[in-house]
Amino acid sequence: MTPPPSSRRRSGGVPARPRARKLGAVRRSQLVTTYGVGAMIAIDNESFIVAGIDSWNIDDAPEIFERRLAKVLRVKSFRLPPAPDPDRGVDGVRVRRFPEFYSCPECRVLQPFSAFNCLPGRANCPSCQEDLVPSRFVLACDDGHIEDFPYWKWVHRGSEQSRGLCGGTLTLRTEGNTASLRSVVVRCTCGVPDVSMEGAFRVKSLRELGIRCEGRRPWLSGAKPQPCTRHPRAMQRGSSSAWHPVMRSALSIPPWGEGVRGLVEREKLIGAPEDAIRWHFEKRPGLLKRADTTIEEVIHFAREMSEDTPTPGESVDAPVDPHTLLRKEEYESLCRGNPEQRTSEWQPFVCEKPEGDLTPVHALGLAEIMLAKRLREVRALEGFTRGVAPLESEPEQRLAELHLSHDVDWLPAIEVKGEGVFVRLDEDRLREWETNPAVIEQVEQMRLNHLALIRERTPSNPKTSGPKSPVSPRFVLLHTLAHILINEWSLDGGYPASALRERLYAGDTMAGILVYTATSDSAGSLGGIVAQGDPERLAATLRSALARAAWCSNDPLCMESGASGADSVNLAACHACVLLPETSCELNNSFLDRTLLVGAPSGAVPGYFQQIAAVN
Ligand SMILES: [Zn+2]
Ligand SMILES: [Zn+2]
Ligand SMILES: [Zn+2]
Ligand SMILES: [Zn+2]
Ligand SMILES: [Zn+2]
């Protein structure tokens with residue numbers, strides 16, 4: 001990551017060349033998932049915010065294609081974040097200084113970095129020679145706005161004067177060795193009483209001082225403040241609530257990315273005139289052969305692909321949520337299968353039925369197993385939020401933008417490859433179970449809690465017909481099933497749970513889960529997970545997983561908890577039983593309930609797999 005050149009970090013002065021700096025080992029994928037646009041990153045004793053993608057140098061940012069996802073996110077393509085170049089000490093990802101406020105641990109002065117007048121490329125107090133410390137506290141709202149903590153207003157207790165008019169200098173000291181906010185004291189030399197940081201994390205105390213969100217977006221160069229009515233909250237610079245990525249992903253499924261279509265897309269020939277296509281391949285004769293196609297085919301598909309399909313969800317009479325549509329298409333591909341016909345370069349998706357007899361799994365309530373022997377997933381960063389973590393199915397109006405430019409037609413993304421096992425439940429049996437009033441009743445409170453959370457977090461929008469929650473017995477059942485399978489494979493098969501991921505296919509016409517390995521570094525693929533999909537083996541795994549799910553070391557507390565867990569959107573689920581590492585779960589470890597698998601001990605709620613669990 002490249003901090004701004006030191007010339008821009010001082011006020012005035014001659015432009016200096018960017019200094020090579022040790023930036024730590026930030027991996028490409030982390031620039032999407034952990035240190036994406038708008039996230040703060042500590043470099044040496046300074047702090048920066050990752051700048052908008054319109055400022056990135058994308059010369060070394062390979063373009064990747066995922067046509068279905070690109071249409072939904074309304075971009076042309078995706079790019080891997082530019083790779084760091086340790087030789088030059090720079091890379092294509094830009095950062096900007098944030099927060100502005102720094103303090104000196106020696107003289108305690110607390111002021112904007114520029115006011116210290118540090119030597120170029122240095123960040124120490126010119127009077128004391130001590131390394132400066134970036135402000136520990138920042139102010140952010142749920143819409144993603146972020147600004148410096150308003151120390152001046154805080155110590156002057158809502159005084160009407162504008163900043164600095166008292167003529168004093170601010171200092172920040174920590175009294176005693178305690179880590180409590182009470183020991184962090186702000187003082188102004190103008191003589192107002194000292195004020196500790198105690199209470200700064202309460203929204204109410206900020207409101208009482210008239211502190212509002214100023215609508216600032218310091219990650220975007222030249223961004224004007226936006227009007228904002230949210231109540232800002234103070235947070236620690238390094239806290240996890242300071243940045244939540246909002247990721248969207250899609251599996252590459254046929255026909256996209258395969259053979260001639262993959263070639264047309266990658267060579268950017270969609271809609272290209274025939275002459276241009278012929279000329280393009282005259283210079284690259286080997287390509288056609290490698291993709292096993294002909295120039296006539298390319299010309300045909302270049303035209304067809306330019307004419308096809310409007311943005312998903314827009315063309316149909318009853319608009320379908322485009323993200324649901326993405327999953328539906330994947331579900332159909334997973335059910336249908338796609339035998340291996342080409343090399344992985346020209347066929348990203350290979351999915352086949354297992355060889356053995358399915359009777360053992362049919363008896364358990366599974367209708368089908370499919371072995372996804374080759375998978376490619378593109379995960380893109382659509383935007384981000386701060387404060388409370390975003391929930392599934394929340395309206396997207398909260399997303400903070402990644403750039404200001406109208407010319408940017410891509411999003412940062414990572415491409416992961418792997419393999420997995422897809423399981424589909426028996427639709428008839430599922431319908432019978434999910435219409436049982438006791439089952440509906442069991443999940444209803446979770447659904448209501450979820451709706452309440454969505455309402456609380458999103459300002460009412462008269463255009464939308466009220467929030468929707470995906471929570472249903474089927475949804476929670478499939479989700480919990482995915483968790484116990486991942487747990488079982490990691491306990492029994494030796495896969496680290498964090499290397500396995502779930503992908504849920506729950507809806508009126510979907511009842512499946514995909515558990516897969518997917519890593520962004522090609523060497524990291526574990527392999528062998530498809531072997532777990534052998535029907536006999538999977539039946540044994542499921543029996544064992546259900547036996548484990550029947551009991552938790554926190555029982556009876558865990559089993560009896562009503563809508564417990566983070567934000568009350570879990571039932572019988574805790575860290576001792578079904579919760580997973582966060583990298584494995586696509587729903588933030590919410591919407592889980594063991595009861596739906598194995599039934600309530602009282603017998604009041606039947607579990608989908610109850611009979612099997614009872615036999616164990
Ligand atoms: Zn100092
Ligand atoms: Zn003052
Ligand atoms: Zn705001
Ligand atoms: Zn538990
Ligand atoms: Zn999950």
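Tabulated values for the structure
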read-out: From 216, 187, 207, 173, residue being in a loop (DSSP other than H, G, I, E, B), more than 16 Å from ligand 5 (Cβ to nearest atom) and among the basic types (Lys, Arg); value: 216
read-out: Strands (runs of 3 or more DSSP E) wholly inside region 45-156 that include at least 1 residues being more than 30 Å from residue 375 (Cβ to Cβ); value: 46-50, 95-97, 101-103, 110-112, 137-140, 146-148
read-out: Flag for residue 379 being of a type in the set (Lys, Arg) and under 22 Å from residue 249 (Cα atoms); value: yes
read-out: Candidates 404, 430, 425, 399, filtered to the one that is at pLDDT 85 or above, touching a Ser or Thr at 6+ places or on another chain (Cβ under 7 Å) and among the aliphatic types (A, V, I, L, M); value: 399
read-out: Sole exception among (1) crowded, with 17+ Cβ neighbours inside 10 Å; (2) in a loop (DSSP other than H, G, I, E, B) for residue 369, by number; value: (2)
read-out: Flag for residue 167 being more than 16 Å from ligand 1 (Cβ to nearest atom), part of a loop (DSSP other than H, G, I, E, B) and modelled with pLDDT of 90 or more; value: no
read-out: Region 502-515, residues that are out of contact with any Phe, Trp or Tyr (no Cβ under 6 Å at 6 or more places or on another chain) and either at pLDDT 95 or above or within 16 Å of ligand 1 (Cβ to nearest atom) (or both); value: 502, 503, 504, 511, 513, 515
read-out: Odd one out for residue 384 among (1) outside any loop (DSSP other than H, G, I, E, B); (2) more than 30 Å from residue 454 (Cα to Cα); (3) aromatic (Phe, Trp, Tyr); value: (2)
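The values are calculated or read from the model by the stated rules, or taken from the named source; none is laboratory data. As the structure is a computational prediction, the values presented were derived from the model and not from experiment. A quick note on method: Cβ atoms are made from the backbone with ideal geometry, for glycine too, and the neighbour counts reach across all protein chains shown.
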